[in-house]
Amino acid sequence: MTIRSSRRTLLSVGAATIALTSIGRVKAADDTDVIVIGAGLSGLHAAQILEASGLSVTVIEADNRIGGRVRTLSDKPEKPESGGSEVGALYARVRDQAQRFNLELRPWQVERLEFALNIGGELISPKDWPSSPKNTLPEAMRKFPPMAVNTAFLPKESGLKELDSWLEEARNTPDPSLYDFYTSKGADEATMKYLSLSNQADSLKDESLFWALRGQKMLEWGRGSGPFSHVVGGMSKVPLAMAGSLKGNVVLNMPVEGIAVDDTGATVSCARGKKFRGRFVVCTLPASVLRTIKLTPGLPTLQSEAVASLPYGQSTSIFFAIKEKFWDIDGLGSSLWTDGVAGRAYNWLVPNGNYIWMYLTGTVNQKLRKASDSEALQYAINALHQARPSTKGRIEPIAVVNWSTNPWSRGTFAYRRPGQIAKYGNIAAATHARLHFAGEHTAVLQSGLEGAMESGERAAMEVLDKV
């Protein structure tokens, strides 16, 4: 496999060494069976399956790196994970890739995180929260930590029959917003504030109840199966190893501008006048990016509406190295959860290293969506120092990753608005002649890393059914 990029370098992937060569040497391959758009887990898994079935594959990627929304900052201290990294116990496809390439998975217990709270500008220990004057929750709910208030409202069991039944059941059952659901269960405005702070969507009014129940069903399905794991050395090792195993080219720095499908194949038009021709195309671009690309012929009306309206979570991550244990200074937990501009700051201990991960989502993140990295970093430092004074002089910035401003993702992951499941189902995944769609937003059974690979597998099988 050859990875082609705009610069010459060497990339080590396990035992394989991959030469990166000049983009000027790339030529359109008229005899390629399948063009795969996107070198994330979804596209790479589709390429693996197609090649294993004897088809020739070229993978093209807009970014200058492999991995999509998997990104280990390997050149930074502590190697922070800035994208998807948690491998669930039942993530069979991801675990299979790790085993195939001899990558070590190490169990990780997220519940071991110990928090300090900053509510209304006051630092509070979780043990003091139930009796704190800052706790404005109704009496029956005062015992719940603010980050866990949703557990008092969502049913212990999702009520969905199967992992994939959310698609059908949402068609036959009212699908209110989370806001309307919580209101119907008696949540007041004080409670609603805590419920909204950990949400990826800008507003609880923007997220479907059935979408939340789908996530809960996944947790039920995996309950008792074991802890999450992390890849030793970084999650990026997985897509890099997958790319290294391919026979065909992986072409970087190749943003797609248009896809034209005809009776014999499809032409993918890219920046700088580059074109790629294949009998089929597997497109794994997020809907947030796909809707900016010209498709010829255009998608059917309902599918086009679904792609155009699919919302994505927005987040900014700021990573800090720990110079000194600041939690020993104030005697509180090493992670922080606030109702203010500091959002959440986790003391993240993974196989790569130990760092502070400040994670800003929803309304807290709105002002950073168009901010430069330096502006976001200054915002984060000021907010964290104000919310947790003991951090001053004891942490050091490592990196800023803003998925909202990344032109190749334009957000973190897809979710559904009220009524969208009933109206659109999973039509975003529908085949369009010789154009097939994949990506986590088209997955049915799983989300995240495993959902991406599930969708790539489905799209590859659709192509093979036509060959």
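Every number in this text was worked out from the coordinates using simple rules, so none of it is lab data. Being a predicted model, the structure only gives us computed values, none of them experimental. Reconstructed Cβ throughout: ideal geometry from the backbone, glycine too, with neighbour counts over all protein chains shown.
Points to keep in mind about this one:
- Rg and Dmax of the stretch 241-361, both derived from C-alpha coordinates alone, stand at 22.3, 69 Å.
- Mean silhouette area of the chain, derived from the convex hull of its C-alpha atoms and averaged over all directions, reads 21.9 nm².
- Peptide packing for 114-121, 45-52 was compared via the average number of neighbouring C-beta atoms within 10 Å per residue; ordered from the highest value, the list is 45-52, 114-121.
- Working from label points 7 Å from Cα in the Cα-to-Cβ sense, the Glu162 to Ser131 distance is 5.2 nm.
- Sorted largest first, extent of the stretch 145-225 alpha carbons per principal axis (Å): 34, 31, 21
- Scalar couplings 3J(HN,Hα) for the stretch 393-401, obtained by applying the Karplus form with A = 6.51, B = -1.76, C = 1.60 to θ = phi - 60°, are x, 10, 10, 9, x, 10, 6, 10, 10 Hz; x denotes Gly and Pro.
- Within the stretch 48-148, the proportion of Cα pairs with more than 17 Å between them is 73 percent.
- Size estimate for the stretch 62-218 follows the Kirkwood approach: the inverse of mean 1/r over distinct Cα pairs works out to 19.0 Å.
- Between the stretch 323-383 and the stretch 149-211, the alpha-carbon center distance in angstrom: 27 Å
- Footprinting exposure proxy for Leu285, Leu377 (fewest neighbouring C-beta atoms within 10 Å first): Leu377, Leu285
- In a simple Cβ point-charge model (Lys, Arg +1; Asp, Glu -1; nothing else charged), the chain has a dipole of about 1040 debye relative to its Cα centre.
- For the stretch 337-428, radius of gyration divided by Kirkwood radius, i.e. Rg to Rh on alpha-carbons: 1.06
- Intensity falloff of the stretch 169-214 expressed as log10 I(q)/I(0), Debye formula with alpha-carbon point scatterers, at q = 0.14, 0.15, 0.18 Å⁻¹: -0.32, -0.36, -0.51
- Here the Karplus relation 6.51 cos²θ - 1.76 cosθ + 1.60, evaluated at θ = phi - 60°, turns the backbone of the stretch 407-417 into coupling constants of x, 9, 10, 6, x, 8, 8, 7, 9, 10, 7 Hz, with x for every Gly and Pro.
- Set Lys193/Lys323; Lys205/Lys237; Lys134/Lys205 screened for pairs whose C-alpha atoms are more than 30 Å apart: Lys193/Lys323; Lys205/Lys237
- This model, with +1 at the C-beta of Lys and Arg and -1 at the C-beta of Asp and Glu, gives the stretch 145-225 a dipole about its Cα centre of some 240 debye.
- For the stretch 354-425, the set of trypsin sites (Lys or Arg not before Pro) satisfying both a DSSP loop assignment and a count of at most 12 other C-beta atoms within 10 Å is given as Lys370.
- Each residue of the stretch 167-174 was assigned a 3J(HN,Hα) from its phi angle through the Karplus expression (A = 6.51, B = -1.76, C = 1.60, θ = phi - 60°), giving 5, 6, 5, 5, 6, 10, 9, x Hz with x at Gly and Pro.
- The chain: relative contact order as a whole-number percent, Cα under 8 Å and 6+ apart: 25 percent
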